[in-house]
Amino acid sequence: MAVFKNAVFYPETANFIQAVPLSETEMKAVGRLVGDLKSYNLWNKMLAIYPFVGFTGSAGFTTVVPDSFKWNLKDPRDINAAYRLTFQKVNSIGLGSNWYASSNGLKPNGYDQGAITQITASSIPVSNFHFSYYSRTNSIKGLGGAVTGGGGTAMALYPSTGSTTLNYANVSTTTTPVAASSIGLHTITAPATNTLVRYYNNTGASSTMTFQSNVNYPIGLFSTTYNGTINGSGLSDNGDAECAFASIGYALSDLDVTNLYTAVQRFQTTLGRQV
């Protein structure tokens, strides 16, 4: 354990606090999140955790994403190898220009914005991955977590109020959604060969898919990526849901997803931004 400002934290929490200036409430929330993920045996299943905390100033539109939002809770170093987020804007459409940032998280414009996670899709086994996104606003657009280019697609999550397309490695299937809204925690995971499960909060529905080899390009958040950069096609591929938490890592079981929802919802409740 580590002591920081009269509080006792796991070393990982203290490292994050030293990298990202937080309020006392945010310190408490992050500390509890790390503790919960460890107690639920989820910590080591995560490659990247983006908590979107540390915002200061007035909420509103901005052309520059607050520095505090780029950090990976698992490894808060300011290098690509630590899977920090790199925010991009593709000026190919001309619709929208600014992110909306606040203490509640980050909301892209839904047209030409996204973030590169630095995690290559090919580094995660095709039958052993998960991607989660805590959305505070309703949207029919993609939440990201997707890669295209080189003849493959990975981890595309579209929480539409109609049918939901789950893409993975050149294979696409359409399933009846388990949620009528994108508000809440959405998780997709491949816990076994040719099995893909989509969860809304802690309720899941599985699909059978034939997985192919994955692609050697970085995964995007808020948007698909194409050959390593944010997709500029916009509209359906680029999301506009306000994000208050996201994670990428290895496969999660039903119990894992239930525990992840419990941990994330407790984290959001401590911050007063739960939905």
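Values in this text are rule-based calculations from the coordinates and carry no lab data. From a predicted model like this one, the values you see are computed outputs, not experimental measurements. Note that each Cβ is placed from the backbone with ideal geometry, even for glycine, and that neighbours are counted across all protein chains shown.
Determine, for each peptide in 126-133, 61-68, the mean count of other beta carbons within 10 angstrom over its residues, then list the peptides with the highest first.
With the highest mean Cβ count within 10 Å placed first, the list reads 126-133, 61-68.
In nanometres, what is the gap between the two model label sites at N138 and T62, each 7 Å from Cα along Cα-to-Cβ?
2.9 nm
Order of 70-76, 80-86, 241-247, 43-49 by packing, highest average Cβ count within 10 Å first?
In descending order of packing, they fall as 241-247, 70-76, 43-49, 80-86.
Using mean Cβ contacts within 10 Å as the protection proxy, how do 16-22, 219-225 order, highest first?
Ranked by mean Cβ neighbours within 10 Å, highest first: 219-225, 16-22.
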